[in-house]
Amino acid sequence: MPEPTAVTEATVAALPGRHLGGRVGHAAFWIGMWAVALAALLYLLLPTLIIVFASFTAGEYITFPPQGLSLRWFPSSAAASSAARP
């Protein structure tokens with residue numbers, strides 16, 4: 001059985017990941033990773049959210065600011081999908 005060695009600053013400095021600049025560098029890395037992940041998620045979800053919110057418009061086409069709120073597109077969508085069934 002190998003004999004345990006004492007933990008010194010030299011052995012700690014030789015550990016993997018110590019080149020990141022200690023805890024501050026490690027935290028900055030993960031903050032950056034979370035920021036990139038959040039930006040990517042927003043990039044992917046934003047077009048879908050725009051379409052969903054635009055489906056409640058009262059006008060014939062999308063305008064900003066919206067002319068009003070309405071559910072008029074949903075019954076016509078349900079009728080079209082039921083007519084398409086064989």
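Table for the structure above
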quantity: Under 5 Å, built H, 5+ apart or other chain: amide partners of Thr57; calculated: Ser70
quantity: Highest-first arrangement of 52-60, 36-44, where packing means the average Cβ count within 10 Å; calculated: 52-60, 36-44
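Values quoted throughout were computed directly from the atomic coordinates according to the rules given, and no laboratory measurement underlies them. All of these numbers come straight from a predicted model, not from anything done at the bench. Cβ coordinates were reconstructed from backbone atoms using ideal geometry, including for glycine residues, and neighbour counts include every protein chain displayed.
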